[in-house]
Amino acid sequence: MRVRALLAALAVGLSGCGAVGGGAAAAHGPAPHAVATAPVMRVTQPTVRPLELTGAPPAPATGGGGAPEPARVRLPAIGVDSGLARLGLNGDGTIQVPPDPNQAGWYTGGPAPGEPGPAVIVGHLDSYTGPAVFHRLSATRPGEEVWVSRADGSRLRFVVQRVATFPVDGFPTQDVYGVTAEPGLRLITCGGAFSFAQRRYLSNVVVFAGLEEAT
């Protein structure tokens with residue numbers, strides 16, 4: 001599945017960047033959520049998505065376009081240094097979310113980082129026990145670096161172009177996931193206010209980054 005399929009899948013929805021564990025909404029805002037309808041955040045109950053990983057990633061391989069698969073993402077300015085889970089689709093057509101709130105994940109149905117088009121990395125904002133891997137994503141600023149290490153030992157340096165917060169009911173799917181000639185990166189988590197009535201965050205935070213260097 002490449003960019004066109006990515007758009008279709010994401011229009012159905014990412015399935016989560018919210019809480020996955022025990023009970024600390026008081027300190028870091030309410031319970032988590034999942035991403036749906038391109039993408040909307042909805043609550044994921046801890047019994048539905050446990051913390052343990054569902055399986056080890058496969059042996060290093062190349063993405064569908066020939067680029068090595070990403071293995072790690074770092075955002076030095078906000079203290080993110082995370083391995084990457086491989087994310088596919090759930091049975092209902094939504095994109096899987098990282099089983100561990102402290103680990104980000106790469107959506108394997110889209111481009112790999114370094115390939116033309118928008119590679120997508122998602123991460124939880126918080127969990128029932130505290131902040132998660134992307135809890136400071138909204139503090140990212142243009143000009144800051146995003147490093148992606150790949151399975152073959154190479155590294156990609158992306159530079160943040162802009163950071164935007166979109167209401168889930170008005171998410172600009174084409175703007176975020178549309179076809180691009182150059183390699184791009186989209187980092188996504190939840191944001192905005194939390195609706196107790198809907199049991200979800202009302203916005204998505206999206207970091208747009210462009211490739212600057214491959215080493």
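Every number here is computed from the coordinates shown, using simple stated rules; none is lab data. In this text the structure is predicted, and so the values were computed from the model without any measurement. Here the Cβ positions follow ideal geometry from the backbone for every residue, glycine too, while neighbour counts run over all protein chains shown.
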Quiz prompt | Cα shape, segment 82-205, gyration tensor, a/c 1.5 rule | solution = rounded
Quiz item: So, with +1 on the Cβ of K and R and -1 on the Cβ of D and E, and no other charges, what is the size of the charge dipole of segment 123-215 about its Cα centre, to the nearest 20 debye?
Solution: 260
Exercise. Please list 182-192, 151-161, 104-114 highest first by mean number of surrounding beta-carbon atoms within 10 Å per residue.
Key: 104-114, 182-192, 151-161
Quiz item: Excluding residue 159 itself, what net charge comes from residues whose Cβ is under 10 Å from its Cβ, given Lys and Arg +1 and Asp and Glu -1?
Solution: -3
